[in-house]
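The values are calculated or read from the model by the stated rules, or taken from the named source; none is laboratory data. Only a predicted model underlies this, so the values are computations on that prediction, with no experimental measurement involved. Virtual Cβ from ideal backbone geometry, glycine too; neighbours counted across all protein chains shown.
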Amino acid sequence: MSGWLGRRTARLRSLAVVGTVTLGLAGIGIAAAGPAAADPATTYVAVGSDTIQDVMNGFAAGVSGGIIGSWDAVNPVTAAAHEIITPAKALAGGTFSSCSFTRPNGSTEGFNALDISAGGTAPALASPPQAGCVDIGRSSGGPGSACPASGVGPGCLNTAGALVYVPFGVDAVTGATGPTTAGQTTTTKCLATTPGCTNGTITFTVPVTLITQADLFTKADLTALYAGNTATEGGVTYWPKDSTVAQPPGSTVIDLYAPQPGSGTLKFWAAQLGFSATAPPAWVHQTILAGPANGVAVEEHDGSALASDPNGYGPFSIAQWVAQSNGHNDRRHTAILHSINGVAPTVAGPALNPAFPILREVFNVVNFAAVTGGDPVLTGLLGGTGSRLCTSTFTIKSFGFGTLPNAALPDACGATPAANRVNM
């Protein structure tokens, strides 16, 4: 059952046999009965964000006892996007239903799948989910992140909306480049036409990054670069490739990358630096420009672009980088993180620096009525500071995230305020 993210052995995830699982939540006995069939079933299905998929996988496997099935944003073996996935869902009385739909890739697609599953009208992928097949949309973006450009419709802020973004942790986003140490090797996806590409992958020696002053970048520098202007630090002037500004003599080309469309990290990075997430300018690239992975689409929190292109620079979740350095689905491909405004992205551990200047909350999007008591199981898992997810601080931290509250952010863990509610 490719793509089920509960447990991981050699990057393959398989669902632990559910049978009958009992989970105690504040004195409530919660049971999920598996079907009398080869594929085990779960009570809740989570899809969407790549950023929080690993921590939710860990929670699904180690805390919720198999009640939650968390599906990767892309195939965990081949990294292929938008394949058909077939979650099996446990229903009352020990029966189950089988679902079949296009795997959502990223926060927006996860939200849309949840909305459609609940009877909403969000934009659909090629094969939308059947009714009731998706219960949780993983999201690295906050309330309104899925709102259409019209400002109305699914995902738009509404204090009486049917869906709610429930925060559970702290992430930060910084810029990353390829390595500063020579001689490292990695294996990435490649195009079939690329010399040396075998079965869709290629192994190569990673060039040292040419963005030598990245640790000196300020947020103002990055805002200028992503606006198509130059920035100078450490005596080096950087010029964004494909910018409408003429390249200054003696400057260094910087290839600015951004994740795939619909990514919550793309929307967050764009909002922080002032460029359009829905129509990025010509100098913000979502396809790798150079090296052995040339032509491959950029995926969030995957260092392939930075390994392949020595001029590459792009956003990377600090929590994801920490989690991957701890062996959780490592796809850094030798990428390294950089400071912004002179503040280091990590502290000893490594762990996310809670004082980093570009912080964000991360969320699970669910039905508001269900998570505020209408479904005691879901409430016990995700709703409120005493929920199983919010009290799983070891799991949250082991996957690189900080815990809430954080003085720079508005919410407590498990909060369901009116400001976090959106339209279905």
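Find the residue count for region 198-235, including only residues that are free of Cβ contacts under 8 Å to residues at least 12 places away in the same chain and either more than 30 Å from residue 276 (Cα to Cα) or surrounded by 18 or more Cβ atoms within 10 Å (Cβ to Cβ) (or both).
3
Kindly establish whether residue 206 is at pLDDT 95 or above and either assigned by TED's automatic domain parsing to the domain that holds residue 75 or in contact with a helix residue (DSSP H, G or I) (Cβ under 9 Å, 6 or more places away or on another chain) (or both). Write out each step before concluding.
On the way: at pLDDT 95 or above: yes; either assigned by TED's automatic domain parsing to the domain that holds residue 75 or in contact with a helix residue (DSSP H, G or I) (Cβ under 9 Å, 6 or more places away or on another chain) (or both): yes.
In short, yes.
Scan region 410-420 for residues that are surrounded by 19 or more Cβ atoms within 10 Å (Cβ to Cβ) and closer than 16 Å to residue 147 by Cβ and report the count.
As a first pass, look at region 410-420 and keep what is surrounded by 19 or more Cβ atoms within 10 Å (Cβ to Cβ): 411, 413-416, 420.
Narrowing further to those that are closer than 16 Å to residue 147 by Cβ: 420.
Summing the residues that are surrounded by 19 or more Cβ atoms within 10 Å (Cβ to Cβ) and closer than 16 Å to residue 147 by Cβ in region 410-420 gives 1.
Go through region 296-328 and give me each residue that's surrounded by fewer than 24 Cβ atoms within 10 Å (Cβ to Cβ) and either in the same structural domain as residue 398 (by TED's automatic domain parsing) or within 20 Å of residue 277 (Cα to Cα) (or both).
296, 297, 298, 299
Taking region 95-105 as the region of interest, how many residues are in a loop (DSSP other than H, G, I, E, B) and under 11 Å from residue 48 (Cβ atoms)? Full working, then the answer.
Narrowing region 95-105 to residues in a loop (DSSP other than H, G, I, E, B): 95, 99-100, 103-104.
After this cut, where a residue has to be under 11 Å from residue 48 (Cβ atoms) as well, the list is 103-104.
Total satisfying the criteria: 2.
Yes or no: residue 57 assigned to a helix (DSSP H, G or I), under 22 Å from residue 394 (Cα atoms) and either small (Gly, Ala, Ser) or not assigned by TED's automatic domain parsing to the domain that holds residue 318 (or both)?
Details: assigned to a helix (DSSP H, G or I): yes; under 22 Å from residue 394 (Cα atoms): yes; either small (Gly, Ala, Ser) or not assigned by TED's automatic domain parsing to the domain that holds residue 318 (or both): yes.
So residue 57 passes the test.
Only one of (1) under 30 Å from residue 210 (Cα atoms); (2) at pLDDT below 95; (3) hydrophobic (A, V, I, L, M, F, W, C) fails for residue 147. Which number is that?
So the condition that residue 147 fails would be (1).
Here is a list of conditions, (1) without any contact (Cβ under 8 Å) to a residue 24 or more places away in the chain; (2) hydroxyl-bearing (Ser, Thr, Tyr); (3) crowded, with 23+ Cβ neighbours inside 10 Å, and residue 238 meets all of them except one; can you say which number that is?
Of the numbered conditions (1) without any contact (Cβ under 8 Å) to a residue 24 or more places away in the chain; (2) hydroxyl-bearing (Ser, Thr, Tyr); (3) crowded, with 23+ Cβ neighbours inside 10 Å, the odd one out for residue 238 is (1).
Could you say which residue among 323, 319 is modelled with pLDDT of 95 or more and either touching a strand residue (DSSP E or B) at 6+ places or on another chain (Cβ under 9 Å) or closer than 30 Å to residue 120 by Cβ (or both)?
Details: 323 fails: modelled with pLDDT of 95 or more.
From the options 323, 319, the qualifying one is 319.
If I ask for residues that are in a strand (DSSP E or B) and either of a type in the set (A, V, I, L, M) or farther than 16 Å from residue 56 by Cα (or both), which ones from region 361-403 would you list?
Of the residues in region 361-403, the ones in a strand (DSSP E or B) are 361-367, 402.
Selection gives 362, 365, 366, 367.
If only one of 384, 380, 402 is on the phi > 0 side of the Ramachandran plot, touching a residue at least 24 places away in the same chain (Cβ under 8 Å) and of a type outside the set (A, V, I, L, M), which one is it?
Details: 380 fails: on the phi > 0 side of the Ramachandran plot; 402 fails: on the phi > 0 side of the Ramachandran plot.
The conditions single out 384.
Going by what's in this entry, would residue 36 be described as in a loop (DSSP other than H, G, I, E, B), at pLDDT below 75 and over 26 Å from residue 399 (Cα atoms)? Reasoning before the result, please.
Values: in a loop (DSSP other than H, G, I, E, B): yes; at pLDDT below 75: yes; over 26 Å from residue 399 (Cα atoms): yes.
So residue 36 fits the description; yes.
Quick one: is residue 266 buried (at least 21 other Cβ atoms within 10 Å of the Cβ), in contact with a strand residue (DSSP E or B) (Cβ under 6 Å, 6 or more places away or on another chain) and not β-branched (Val, Ile, Thr)?
Working: buried (at least 21 other Cβ atoms within 10 Å of the Cβ): yes; in contact with a strand residue (DSSP E or B) (Cβ under 6 Å, 6 or more places away or on another chain): no; not β-branched (Val, Ile, Thr): yes.
Against the criterion (buried (at least 21 other Cβ atoms within 10 Å of the Cβ), in contact with a strand residue (DSSP E or B) (Cβ under 6 Å, 6 or more places away or on another chain) and not β-branched (Val, Ile, Thr)), residue 266 does not qualify.
Condition check ((1) buried (at least 17 other Cβ atoms within 10 Å of the Cβ); (2) aliphatic (A, V, I, L, M); (3) in contact with a Cys (Cβ under 9 Å, 6 or more places away or on another chain)) across all residues:
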position	(1), (2), (3)
66	yes, no, no
69	yes, no, no
78	no, no, no
84	no, yes, no
101	yes, no, yes
108	yes, no, no
127	no, no, no
140	yes, no, no
149	no, yes, no
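Counting only residues that are among the acidic types (Asp, Glu) and closer than 25 Å to residue 346 by Cα, give me the strands (runs of 3 or more DSSP E) lying completely in region 215-278 with at least 1 of them. Steps first, answer last, please.
Values: elements: 231-233, 236-240, 252-257.
Correct list: 231-233, 252-257.
Any idea which residue in region 106-130 is farthest from residue 145 (Cα to Cα), counting only those that are part of a helix (DSSP H, G or I) and of a type outside the set (Ser, Thr, Tyr)? Explain how you work it out, then say what you get.
Kept after step one, since they are part of a helix (DSSP H, G or I), are these residues of region 106-130: 107-117.
Retained after the next criterion (residues that are of a type outside the set (Ser, Thr, Tyr)): 109-116.
Details: 109: 11, 110: 11, 111: 9, 112: 11, 113: 14, 114: 14, 115: 13, 116: 16 Å.
Ranking the candidates gives 116 first.
Among 336, 340, which is the only one that is in the same structural domain as residue 288 (by TED's automatic domain parsing), touching a residue at least 24 places away in the same chain (Cβ under 8 Å) and surrounded by fewer than 21 Cβ atoms within 10 Å (Cβ to Cβ)?
On the way: 340 fails: surrounded by fewer than 21 Cβ atoms within 10 Å (Cβ to Cβ).
Answer to the check: 336.
Does at least one position in region 282-299 carry a residue that is in a loop (DSSP other than H, G, I, E, B) and among the aromatic types (Phe, Trp, Tyr)? If you could, list the steps in order and put the result at the bottom.
Of region 282-299, the ones in a loop (DSSP other than H, G, I, E, B) are 282-283, 286, 288-296, 298-299.
Subsequent filtering for residues that are among the aromatic types (Phe, Trp, Tyr) retains 283.
Within region 282-299, one or more residues are in a loop (DSSP other than H, G, I, E, B) and among the aromatic types (Phe, Trp, Tyr).
Would you say residue 180 is assigned by TED's automatic domain parsing to the domain that holds residue 293, of a type outside the set (Lys, Arg), within 30 Å of residue 345 (Cα to Cα) and not in a loop (DSSP other than H, G, I, E, B)?
On the way: assigned by TED's automatic domain parsing to the domain that holds residue 293: yes; of a type outside the set (Lys, Arg): yes; within 30 Å of residue 345 (Cα to Cα): yes; not in a loop (DSSP other than H, G, I, E, B): no.
No, not satisfied.
For the structure I just gave you, tell me whether residue 155 is of a type outside the set (A, V, I, L, M, F, W, C), more than 22 Å from residue 317 (Cα to Cα) and either touching a Ser or Thr at 6+ places or on another chain (Cβ under 7 Å) or in the same structural domain as residue 123 (by TED's automatic domain parsing) (or both). Spell out how you get there, then give the answer.
Values: of a type outside the set (A, V, I, L, M, F, W, C): yes; more than 22 Å from residue 317 (Cα to Cα): yes; either touching a Ser or Thr at 6+ places or on another chain (Cβ under 7 Å) or in the same structural domain as residue 123 (by TED's automatic domain parsing) (or both): yes.
So residue 155 passes the test.
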